[in-house]
Every structure is written in structure tokens, then in C-alpha cells.
Amino acid sequence: MLKKFFIICSGADTDILDSCAIGEQNKYAGIGATVFFTAVMAFIACSYALYTVFDNLITAIGFGFVWGLLIFNLDRFIVSTIKKRNNIMDEIIQASPRLILAVIIAVVISKPLELKIFEKEINQVLLEQKNELTLANQTQIAEQFTPNINALENNITTLQSQIETKEAEVNALYDTYISEAEGTAGTQLLGKGPVYKEKREKHDAALAELQQLKADNKAKIATTEAQIAQLKTDYDTQVTTTQPIIDGFDGLMARVSALGELPWLPSLFILLLFLAVETSPIFAKLLSPKGEYDYKLEDAETAVKTWVEQKVGERKILLQTDQTLNNRIYNDIAEEDELYTYKRKKARELMQLQADAFFKHQKNAL
């Protein structure tokens with residue numbers, strides 16, 4: 001039962017193969033088994049690849065099954081259409097387009113399986129790429145907020161400098177009027193005279209300005225610090241919002257790109273393995289000698305071809321004969337006087353009708 005199934009997978013004519021030797025049947029059963037298991041690997045590869053895209057097992061298995069059937073049909077077609085000929089060069093030329101198609105199929109099948117085989121290594125590469133993307137993302141977002149934060153911090157520094165400058169001015173005025181009272185500077189008269197009062201009033205006015213400046217700048221600094229805190233909150237929010245996009249950077253294209261950064265030799269051996277599996281039925285047909293099945297298949301095909309060519313030739317001869325007979329018949333009829341007189345009479349009547357119709361048309365026109 002399994003042998004018959006694999007023979008069907010090979011695309012061979014079962015009616016002809018049943019009449020062949022056991023060895024011939026085993027050869028085509030082996031070819032059919034290769035076609036079948038290649039389709040199974042295609043199903044697994046496509047299912048895994050689509051699972052990384054859709055993240056849905058049922059959808060991936062459904063599309064993978066369809067893809068496996070497609071690869072099975074293509075491989076079966078490739079193997080079944082290769083015919084053994086008496087010239088090896090003719091066979092190679094016949095098989096070359098099918099070999100190219102087989103190579104394409106092998107590449108398509110092997111890539112998803114490589115992704116699964118090297119999954120751990122690919123995840124490591126993706127982790128490094130995600131970390132780099134995270135840092136780059138934070139840097140890019142910071143470039144949007146840093147200039148505004150720096151400008152606001154400079155405003156705070158300026159406001160604080162104004163307070164410090166005013167405090168230095170008030171302290172200097174304080175030292176001046178105290179020195180005047182002690183008689184160590186200014187008029188150098190001990191006591192609180194008119195000059196002392198004048199300097200004290202100037203100090204008190206500056207002190208009042210300092211208090212007002214502190215109150216105004218404190219309110220401005222509080223507002224500016226609130227703006228800085230809001231900008232930092234917006235920065236953290238934007239980083240948090242964009243991080244899931246980076247965390248989801250593990251799709252099919254990302255994994256294929258990560259696979260390209262791994263050493264190429266293991267991937268090459270896997271590709272060569274699938275190339276060997278995919279092209280083995282074709283090379284088996286090319287390298288094997290012309291067997292009993294090939295002779296019987298050629299006999300059946302040439303019998304049909306000869307029969308069709310014979311029918312076409314007979315139809316051509318029949319057509320030529322019929323044309324020759326028709327020409328002789330019409331030539332004999334053309335020489336009969338009775339037919340000539342009848343045709344002359346009808347031609348005369350037709351010309352009279354044409355003349356009458358032309359006369360009526362011209363009369364109506366006038």
C-alpha cells in the first residue's frame with residue numbers, strides 16, 4: 001500500500017509500471033518517497049515561517065498545508081515530465097529548466113528551517129539589536145526634549161544669579177551703613193548722623209527690592225521647574241510608548257536579517273542538503289539507465305503519435321481528393337449549353353431590374 005502511494009507520488013504511469021519488474025517499481029517508489037518527504041519539509045518550513053508572521057497556529061498550519069501541496073505538485077510535475085532519451089545532452093537540456101526550479105524550491109524551503117534550527121542564536125542577535133534600538137530611540141527622543149530643558153534650566157540659573165547679585169548689593173550697603181555708624185569708614189564720625197540715615201535708607205530700599213525679587217523669581221523658578229518636570233514626564237511617556245514597537249522587532253524579515261549576521265557555513269550546508277534532496281529525483285532519472293518502464297512508456301507515446309499523424313495525413317489526402325473531384329465536376333457543368341442559357345436569362349432579368357431601380361431613383365431626385 002505504501003509502495004503504491006509513493007509510486008503515485010512519483011508521477012509514473014501506474015498501468016505501465018504494474019507490468020514492469022519489481023526493481024523498476026522500487027526505483028519509482030524511491031523517487032516518489034523523495035517527492036513526498038520534500039513536500040512534508042516544505043509544509044513544516046512554511047508553517048513555522050508564517051507562525052512568526054501571524055503568531056496564529058491554525059492560520060500557519062492552514063497556509064503551510066497549501067504550500068506543501070503546491071511544492072508536492074511542482075516536484076511531481078518536474079519528475080514526471082523528464083523523459084529518458086537516447087542522447088544524454090538532450091536529457092540535460094530537457095532537465096535544466098526543471099533543475100533551476102528545483103534549486104529555487106530548495107532555497108525557499110531551507111530558509112524557514114534555518115530560522116528554526118538557529119533560533120537561539122538569532123534571538124541573541126535580535127536582543128543585541130533591540131538593545132541598540134532602545135538606546136538609539138532614547139537618544140533620538142532626548143534630542144527632542146533636551147534643548148527645551150536646557151533652556152529652562154538656564155532661565156532658573158539666570159533668576160538665581162539675579163537674586164545672588166541683589167543679595168551682594170544689599171550686603172554691601174549693610175556694611176556701608178554699619179561702618180558709618182561705627183566711624184570706621186565714610187565720615188569716620190561715631191554715631192548715627194544724617195549720613196548714616198541716608199545710607200540706612202538706601203540699604204532698606206535695596207533690601208525691600210531684594211525681598212520682592214526673591215518672591216517674583218521664586219514664582220518664576222517654580223513655574224519653570226514645573227515645565228521641566230512636565231517635559232521629563234513627556235519624555236518618559238514617549239519612551240514607554242515606543243518601547244513595545246522595539247520589543248516586537250522579531251518578525252520574519254528581522255529574523256532573516258539576523259540570520260545573515262551569523263556564520264554562513266552552517267547555513268550553506270543546510271542549503272546544500274535541501275538542494276541535494278530536492279534535485280535527487282531529477283538526477284536519479286538522468287543518471288539511471290533507460291529501463292523497462294521507459295521503453296514501454298516510449299512505445300505507448302509513439303503509438304499514439306503515429307496513430308495521430310496517420311489520421312492527419314489521411315484527412316489531408318481526403319481533402320485533396322475531394323478538391324480534385326469538385327474541380328472536374330464544375331468544369332464539366334460549365335460546358336453545358338442548357339446551364340449557359342439559364343444563367344444568361346437570369347443575368348438579363350437582373351440587369352433590367354437594376355435599370356428600373358436606377359430610373360426610379362433618378363426620377364425621385366428630380
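Some notes on this structure:
- Cross-link check: pairs Lys83/Lys311; Lys285/Lys305; Lys4/Lys290; Lys166/Lys218; Lys83/Lys305; Lys83/Lys285 evaluated at a Cα-Cα cut-off of 18 Å; pairs beyond the cut-off: Lys83/Lys311; Lys285/Lys305; Lys4/Lys290.
- Residue-by-residue Karplus 3J(HN,Hα) for region 129-138, coefficients 6.51, -1.76, 1.60, Hz, glycine and proline x: 5, 5, 4, 5, 5, 5, 5, 5, 5, 4
- Derived scalar couplings ³J(HN,Hα) [region 167-172; Karplus, 6.51 cos²θ - 1.76 cosθ + 1.60; whole Hz; x for Gly, Pro]: 5, 5, 5, 5, 5, 5
- As a proxy for reagent exposure, Arg344, Arg76 were ordered by neighbouring Cβ count within 10 angstrom, fewest first; the result is Arg344, Arg76.
- Packing rank of 327-336, 97-106, where each peptide gets the mean count of other beta carbons within 10 Å, highest leading: 97-106, 327-336
- Shown in residue order for region 289-305 are the 3J(HN,Hα) couplings computed by the Karplus curve 6.51 cos²θ - 1.76 cosθ + 1.60 at θ = phi - 60°: x, 5, x, 4, 4, 5, 5, 5, 5, 5, 5, 5, 5, 5, 5, 5, 4 Hz (x for Gly and Pro).
- For region 17-38 versus region 125-173, the gap between their alpha-carbon centres in whole angstrom: 77
- Hits among lysines - C-alpha to C-alpha of Lys360 under 24 Å, sequence gap 8 or more where chains match: Lys345, Lys346
- Label corresponding to semi-axes √(5λ) of the Cα gyration tensor in Å when calculated from the structure given, among (1) 54, 26, 18; (2) 36, 23, 16; (3) 102, 47, 15: (3)
Where a number appears in this text, it was derived from the coordinates with a stated rule and is not lab data. Bear in mind the structure is a predicted one, so any value in this text is a computation, not a measurement. Cβ sites come from the backbone with ideal geometry, for glycine too, and all protein chains shown count toward neighbours.
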